[in-house]
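> Sharing a structure here in structure tokens format.
The values are calculated or read from the model by the stated rules, or taken from the named source; none is laboratory data. Quick caveat: nothing in here was measured; it's all calculated off a predicted structure. As a convention, Cβ positions derive from the backbone with ideal geometry for all residues, glycine included, and neighbour counts pool all protein chains shown.
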Amino acid sequence: MGLIDGMMTLLFGSGRNVIRDTAEVFRENAEAGAVRAAAHQDAALAQFAAEFAQARVGRFDRMMDGLNRLPRPLLAFGTIGLMAMAMVDPIWFAARMQGIALVPEPLWWLMGAIVSFYFGARHQAKSQAFQSSISQTLARAPQVRASLADLQALAAMPPDGGASPQIAARYSNPVLADWQARRDE
């Protein structure tokens, strides 16, 4: 018994876990990593909340908000305008495209990165909202299936109006039944 106790004390020490401490040198503790990630996310959200806590009512703030909304419409309408001008005045369009051909390639890469980040963030937000709406729609599928079964049963109902017992039980209305009984008297 003393040998086993001595080995356990050697491995785990006095209240410490030597194996865990050694493993954490090579691999991050998942629980501690999750705590750090949560603290980091809380700090980022607090920073965003502090940034948007004050009301933006000044002329400069309104102007900057307006400027932030311009790139997408300008890019879309500009592209449509270029296509229209290519059909209306091909010589004018060709002259502008020759100017664009002189833009150095690194500048194209920079513009591509800026546009990708700008539209990519919006695309990601819209994609996540779309995925959320799909999951909400799928959650309603059993209810829709039950309603469709009821509608099919109603369609197969005999002309005299006698409903099946399942449908009658599901859609029974005691007040309506009482009213019909009084009316039939």
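> Please list, ordered by residue number, the helices (runs of 4 or more DSSP H) wholly in the stretch 82-184 having 1 or more residues that are at pLDDT 80 or above.
90-101, 105-139, 141-155, 174-184
> Name every residue in the stretch 64-87 that is loosely packed, with under 10 Cβ neighbours inside 10 Å and over 21 Å from residue 111 (Cα atoms), in order of residue number.
Within the stretch 64-87, 66, 87 meet the criteria.
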